[in-house]
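The values are calculated or read from the model by the stated rules, or taken from the named source; none is laboratory data. All values reported here derive from a predicted model rather than from experimental measurement. No Cβ is skipped: glycine too gets one built from the backbone with ideal geometry, and neighbour counts run over all protein chains shown. Protein only, heavy atoms only, side chains kept; ligands, DNA and RNA dropped before computing areas. Shrake-Rupley method; radii C 1.70, N 1.55, O 1.52, S 1.80 Å.
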Amino acid sequence: MANYVEMIDLLKDENGKATGIKCRDKVSGEEFEVHAKAVVFAGGPFTDHLRKLENAECKPAVNAAAGTHIVLPGYYCPGGIGMLDINTSDGRFLFFLPWQGYTLVGTTDRKGPVTSYHGPPEEEINWILNEVKKYISDEVKVRRADVLSAWQGFRPLASDPNALPGAPISRDHIVSVNPETNVTFITGGKWVTYREMAEDVIDKVIDLHKFEKAGPCMTDKLRLRGGEGFTRNVPIQLVQSYGVSEDTAKHLARTYGMHAFEVCELAEPTTKKWPRFGNFLLEGFPYLECEIAYVCKNEMVCTVTDMLTTRTRIAYLNKDAALAVAPKVADLMAKAMGWSRKEKARQLKEAEDVVKTFGGPFPTKEGMEQRFQSVVGVRQLFNQFDAQGNGYIDFVEFKDCLDALGVNLGSDKAAKNAFKKLDKNGDGKVFEEEFIQWWKTSSKSDKVKAGLGDKLKLSADKMGTGLNSRGTGFG
């Protein structure tokens, strides 16, 4: 197994048959060859990218479709109950599922080229929210600010290039062989059928290459790592033996199986009455600091990006939480991996850039600018800042909105000073009338107002708050 390694070419013999692949280590940049009796392409929605290295003129096998998912607070979904709507406003399916203490809602279905970019289109987030409103009590506001994280993924809808013309695209998997190279590829399928997919492709390779000593695929008899000896009482044993919290014990058992005991051996005392051991990586989440060192040593995670996304799932659960804990994760990984200060800084910057591509409580800069294009008055401007929809603007909303619009005040201190000009009574809340009064009385030199003035075209006719006829807001 080679981690963080990509295939860059296919090796062939004099008859054009595959004999291995050429690889590049994406960490060190080293290139090397791997020779094999059989080659399988299993790239999910990226399978055709591999096949084009084999034959640039190959017929496509993947018709990718993107789906957007959003994560909402857990109170949107009763515990242990999910829901599927097969008749949404445009005919797509929509599901609500309780997921790790939150509510997962999806998904859209959009044809397009496959990409590794996590961020979904703003219009798809809003479409899902509008559908959600149909199932939530009128007493509960469905707010854009309730989106804790949002991302897109790609379904590898499959068609066999070696099948007869007109064969349908499949949501099941296909296994096919290029007779010129003897390369086998598998694509399509779903997460829930991964063992069946493994069995079909391995049995195909064994038959194709006459591996008579191999026997059939054994995946249906193999437990996941940590599964041997596992019982439903493992979380209780962890609580009683190591003094970790119940939520943490459930998380560790679900994530590591029987190896959870090894993780708990690394847990440090909290100096609290309860939990006695296991310092939290981030308050409000069950992850422990000691997991970072364990994962680096035992599970081949080498980047802060992967620790925040595919390993702990924090970015998929709460974008802002992932950004908040990223420096701490970088510190813990640097200690475990022996990174230099320069490498730690590089890793942190890379991770923050990736996490920022996820959707969150505020739209991306492009999405924010689209929202603000329709602003024609100060009251509407206030409503855009009031992301929570609770009738006032707090400092976090104020700063997030300015950041998303690219209004740079230089520092948090400058942003706080700017907010104090709006918050006349110092209660941390800027209500609509305070906001309008600030806009009317602030001068052109006010950096916030100047920055917003550059972004917006406010109409004095529709506002009635004393702006000049040019609608710029400046006297």
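The table below gives the values:
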read-out: Reachable aspartates and glutamates from K59, criterion Cα separation under 12 angstrom, eight or more residues apart if same chain; value: D48, D160
read-out: Pairwise FRET efficiency - N3 versus E262, Cβ, R0 = 22 Å, nearest 0.05; value: 0.60
read-out: Size of electric dipole in the chain: Cβ of Lys, Arg +1 and of Asp, Glu -1, about Cα centre, debye, nearest 20; value: 1120
read-out: Under 15 Å from the C58 label point (7 Å along Cα→beta-carbon), backbone N, segment 1-27; value: 7-12, 17-22
read-out: Range of Cα positions in the chain per principal axis (Å), largest first; value: 86, 63, 48
read-out: Cβ-Cβ FRET estimate between R24 and I236, R0 fixed at 56 Å, reported to 0.05; value: 0.75
read-out: Within-12-Å neighbourhood charge of D85 [Cβ basis; K, R +1; D, E -1]; value: 0
read-out: Positive dipole terminus of segment 83-180, leading residue within S159, V175, F95 (C-beta point charges); value: F95
read-out: Modelled FRET efficiency - R0 22 Å, V396 with S137, Cβ distances, 0.05 increments; value: 0.25
read-out: Computed label-point distance, nm, for sites L84 and E199 using a 7 Å Cα→Cβ extension; value: 2.2
read-out: Segments 102-114, 335-347, 399-411 sorted - mean Cβ within 10 Å per residue, highest first; value: 102-114, 399-411, 335-347
read-out: Mean residue ellipticity (222 nm) of the chain, computed from DSSP H runs ≥ 4 via -39,500 (n - 2.57), nearest 500; value: -10000 deg cm²/dmol
read-out: Value of Rg/Rh across segment 1-109 [Cα atoms, Kirkwood radius]; value: 1.19
read-out: Loop-located GluC sites (Glu not before Pro) in segment 191-223 whose Cβ has at most 14 other Cβ within 10 Å (DSSP); value: E212
read-out: Under 19 Å from K416, Cα to Cα: aspartates and glutamates that are on another chain or at least 8 residues apart; value: D386, D394, E397, D400, D403, D427, E432, E434, D446
read-out: Segment 225-297: chymotrypsin sites (Phe, Trp or Tyr not before Pro) falling in loop per DSSP and having at most 13 other Cβ within 10 Å; value: none
read-out: Solvent-accessible surface ranking, highest first, for F435, F211 at 1.4 angstrom; value: F211, F435
read-out: Coil-residue GluC sites (Glu not before Pro) of segment 1-83, DSSP, other Cβ within 10 Å capped at 10; value: E14, E30, E57
read-out: Calculated from backbone phi, Karplus (6.51, -1.76, 1.60) coupling profile of segment 104-114 in Hz, x at Gly/Pro; value: 9, 10, x, 8, 7, 8, 10, 6, x, x, 6
read-out: Residue pairs, from the table K22/K344; K134/K399; K272/K349; K319/K349; K421/K447; K297/K319, whose Cα atoms sit over 22 Å apart; value: K22/K344; K134/K399; K272/K349; K297/K319
